[in-house]
Amino acid sequence: MTRHYNFCAGPAALPAAVLERARDEMLDYRGHGLSVMEMSHRAPEYVAIARQAEADLRELLAIPDHYRVLFTQGGATLQFAAVPYNLLGRGGRANFLHTGIWGSKAVAEARHLFGDAPVVASSEANGHSAVPRPDDIVLTEDAAYLHYTANETIGGLEFDFVPEAVRPDGGEVPLVCDMSSSILSGPLDVSKFGIIYAGAQKNIGPAGLVVVIVREDLLDRARPDMPSLFDYRALADAGSMINTPATYSWYLAGLVFQWLKHDIGGLAAMNAINDRKAAKLYAAIDSSELYANPIALRNRSRMNVPFVLADERLDKPFLAEADAAGLLNLKGHRSVGGMRASLYNAVPEAAVDALIAFMADFEQRRG
Ligand code: PMP
């Protein structure tokens, strides 16, 4: 058996230790005589798995008690709709920061459902190579909340600060963050946010699960015409079990949280590893004649590193040779081309070292 290095943007690499544990527990989960996949979500042994996962996530992110944690479904994409449904019940308009493709999809869904949704600051003018500065972010008088994407997975553009969500009259509104591709990459001050949501399939676990962290006082702002499965209060009251949750993905997420706590040593340790991995790859790109990354230094993503080759004709051989060397999924998103190496938590530093060595060798032979 050989496990290659997987740089996929999502579904992404999972820690080998997590997969091994899942394998060991597959047929007979801790003496219960069945797999987690086959359990009722109401069974005490499953409820214990679900609650432990929540407790571990709370501990990792130091989530304050007045926040609820939801384990729901529909991808981060469903949250593009669920957020406005949950927050626009008292009127006002959603305000957006637009820094790339995922942010623009969130805007499009809000507009599709509720008409107007102003973009109050954007990086469009610089080709999404640098996020707006704090002073450029001016909310509308009627802002109900401010939504942004902490890390644009396709563009490789990451915020280097947490924006303030304050209306011109000084009133604070909830800050909502799509953290799909950067959650758990390092410590976080959850108290700055009203809502954080993240699709699981990058740093949390397998696809099929979405984590929503919502401040309790925001649970009474929902529109009455909301589909019941979108309803954060109903989900919170039901322990995220209004209906059958994504039981196996939730269990695996729990194993990932355990791995972060016990094998890695928490998010400060993870943060240091992620800093190191990204810094070496960007240094290799910057010191080469063949590879380039266009993002402003302060906004370079630690999780998703896009790069182009000076000669596009080398793209195909680069990908084929990387694949043959066991370096998988380096092709950039179909909308932008080029390459992208995603360096999520579960991508080991050795994978980054192998990629850098391959890139140098390729440049020497073909560049
Ligand atoms: N937001 C971001 C930042 C993403 O990276 C993605 C997926 N790549 C999405 C939203 C959409 O997630 P999903 O496929 O879970 O709906």
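Coordinate-derived values only; no laboratory data. Keep in mind the model is a prediction, meaning the values are calculated, not measured. As a convention, Cβ positions derive from the backbone with ideal geometry for all residues, glycine included, and neighbour counts pool all protein chains shown.
With bins 20 Å wide beginning at 0, the percent of Cα pairs of the chain falling in each bin runs 29, 56, 15, 0.
Here the alpha carbons of the stretch 1-135 define both size measures, Rg and Dmax, at 20.6, 59 Å.
With a simple spin-label model that places each label point 7 Å from the Cα along the Cα-to-Cβ direction, the separation between Ala108 and Asp263 comes to 3.7 nm. For the stretch 192-320, the equivalent ellipsoid derived from the Cα gyration tensor has semi-axes of 38, 19, 16 Å, listed largest first. Scanning the chain for trypsin sites (Lys or Arg not before Pro) that sit in a DSSP loop and have at most 13 other Cβ atoms within 10 Å, the longest stretch containing none of them is 91-333.
Taking label points 7 Å from Cα along the Cα-to-Cβ direction, Ala125 and Arg51 give a separation of 5.4 nm. With Rh defined as the Kirkwood radius, the inverse of the mean 1/r over Cα pairs, the Rg/Rh of the stretch 266-366 is 0.95. Excluding the sites themselves, what is the longest stretch of the chain that contains no GluC sites (Glu not before Pro) in a DSSP loop with at most 13 other C-beta atoms within 10 Å? For GluC sites (Glu not before Pro) (loop position, at most 13 other Cβ atoms within 10 Å), the longest site-free span of the chain is 1-140.
Gain on full extension, evaluated as 0.36 nm per residue between Leu34 and Glu141 minus their Cα-Cα distance, stands at 32.9 nm. Sorted ascending by nearby beta carbons within 10 Å, beginning with the fewest, Cys8, Cys177 become Cys8, Cys177. Of the chymotrypsin sites (Phe, Trp or Tyr not before Pro) found in the stretch 96-195, those in coil by DSSP whose Cβ has at most 11 other Cβ atoms within 10 Å are Phe161. Mean-square fluctuations from a GNM of the chain, with a 10 angstrom spring cutoff on Cα atoms, peak among Ala82, Ala350, Ala198 at Ala350.
Label positions at Ser335 and Glu349, each projected 7 Å from the Cα along the C-beta direction, are separated by 3.4 nm.
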